[in-house]
Amino acid sequence: MVSYFTIDATGEGTNFQKEISNMMHGFGDNPNPNAATVVLVENIVLQQLRSMLQESLNYSTMRGANTITNYDIIYLVRKNPVKLKRLHDYQIKLDRIDKNRQSTVTTPTETILPGIILEEEKEVTLKKKRTHIDVIKEIDETDEMSLIKFDAIDYLRKVRASKITESMSYEKYEAYHKARCSSFRSSYGLSKGFVKLERWINPNKELKINSLALEVLCFLAYETVAEIVDAVFLIRQDSKKKSGDPFSKFEGGYFCNPQSLNNAVYIKSGYEGCPAITVAEVREVLRRYFTPRSGMNGLFYRNMSMDLPVRYIAI
């Protein structure tokens with residue numbers, strides 16, 4: 001199948017099809033996702049990220065800056081306190097991972113001469129620190145994020161993952177765990193962890209994006225894939241609804257998909273279990289999401305020149 005790669009300045013193709021395939025599997029899709037669906041989701045994520053960059057560039061220009069920072073990206077999420085809360089927790093987890101990696105990799109050394117810093121110690125001291133939480137506190141003036149005590153969507157994702165792994169063998173669980181760990185990061189380092197992502201969304205180096213902004217974009221790209229998979233399960237849940245029985249769509253575990261990995265293998269496809277997400281289902285998600293509730297198709301439409309607002313799946 002022909003893939004629509006992003007061609008960078010060097011002429012090499014950059015894509016995240018393998019990572020997106022693993023993410024979709026980690027969110028509950030078939031262990032062998034549909035190749036056409038993966039390409040479609042990749043194109044959707046790429047288009048969404050580039051639209052975010054264009055809008056963030058406008059905000060950075062208004063601030064008089066020539067570099068897109070994490071403040072410009074987080075400013076797009078200012079109206080969604082739930083996503084701000086997830087980003088807040090995301091930084092806490094990443095800082096904890098970095099702290100554990102530093103404690104295991106680096107060992108305390110005695111200072112040979114006072115006042116002299118070794119190269120290894122200099123890299124640790126000059127390491128960039130994440131400022132996502134500081135930006136969130138600055139943007140969230142009314143402190144709405146502190147009022148969120150329970151994330152229902154995140155809870156349902158965990159329930160789905162728990163149902164999937166209830167009767168799973170060790171080999172399948174190991175593969176599923178690797179799929180759950182997939183992301184748009186090349187590595188856990190803050191400086192070199194987003195080289196591939198930047199080459200994907202900014203192939204010609206037309207925009208100046210710092211590493212903190214790329215980290216937030218990585219989080220939003222991951223959320224975009226998750227939202228698409230969640231919406232597909234909701235569509236399947238609606239498709240099982242029987243006429244005259246409003247509770248029929250909750251029968252059979254169609255939302256949590258407890259049988260998604262039964263009788264499934266990781267080499268061949270076509271076995272019983274959770275059917276792979278199709279292109280038609282993803283297109284139905286886009287149709288439902290981008291159908292304007294008001295505007296040209298609205299009931300009381302008046303202004304013919306009114307532009308429909310740009311919507312982001314992850315926000």
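The values are calculated or read from the model by the stated rules, or taken from the named source; none is laboratory data. Only a predicted model underlies this, so the values are computations on that prediction, with no experimental measurement involved. Neighbour counts are summed over all protein chains in view; Cβ atoms, including those assigned to glycine, are modelled from backbone coordinates with ideal geometry. Calculation scope for accessible area: heavy atoms of the full protein, side chains included, ligands and nucleic acids excluded. Shrake-Rupley method; radii C 1.70, N 1.55, O 1.52, S 1.80 Å.
Key figures
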quantity	calculated
Pairs where the first residue, in region 224-240, is outside any helix (DSSP H, G or I) and the second is open to solvent by less than 30 Å² (accessible area, probe 1.4 Å) and of a type in the set (S, T, Y), C-beta under 8 Å, 6+ apart	K240/S248
Test: residue in region 135-150 that is closer than 24 Å to V229 by Cα, touching a helix residue (DSSP H, G or I) at 6+ places or on another chain (Cβ under 9 Å) and among the basic types (K, R)	no
Residue list for region 4-31, filter: farther than 25 Å from V310 by Cα, open to solvent by 30 Å² or more (accessible area, probe 1.4 Å) and at pLDDT below 90	I7, A9, T10, G11, E12, G13
Which numbered condition Q47 fails, given (1) over 18 Å from the mean Cα position of the chain (by Cα); (2) open to solvent by 30 Å² or more (accessible area, probe 1.4 Å)	(1)
Qualifying position, being buried (at least 20 other Cβ atoms within 10 Å of the Cβ), modelled with pLDDT of 50 or more and closer than 30 Å to I74 by Cα, among A231, A221	A221
Verdict on F150 being part of a loop (DSSP other than H, G, I, E, B), farther than 30 Å from S21 by Cβ, modelled with pLDDT of 90 or more and of a type outside the set (V, I, T)	yes
Any hit, region 180-196, residues being assigned to a helix (DSSP H, G or I), within 30 Å of N66 (Cβ to Cβ) and modelled with pLDDT under 95	yes
Qualifying residue in region 157-173 (condition: within 30 Å of Q54 (Cβ to Cβ) and at pLDDT below 90)	no
Options R199, R160, R185; residue that is touching a residue at least 24 places away in the same chain (Cβ under 8 Å) and open to solvent by 40 Å² or more (accessible area, probe 1.4 Å)	R199
Unmet requirement for L94, which otherwise passes all of (1) open to solvent by 50 Å² or more (accessible area, probe 1.4 Å); (2) modelled with pLDDT under 90; (3) part of a helix (DSSP H, G or I); (4) not β-branched (V, I, T)	(1)
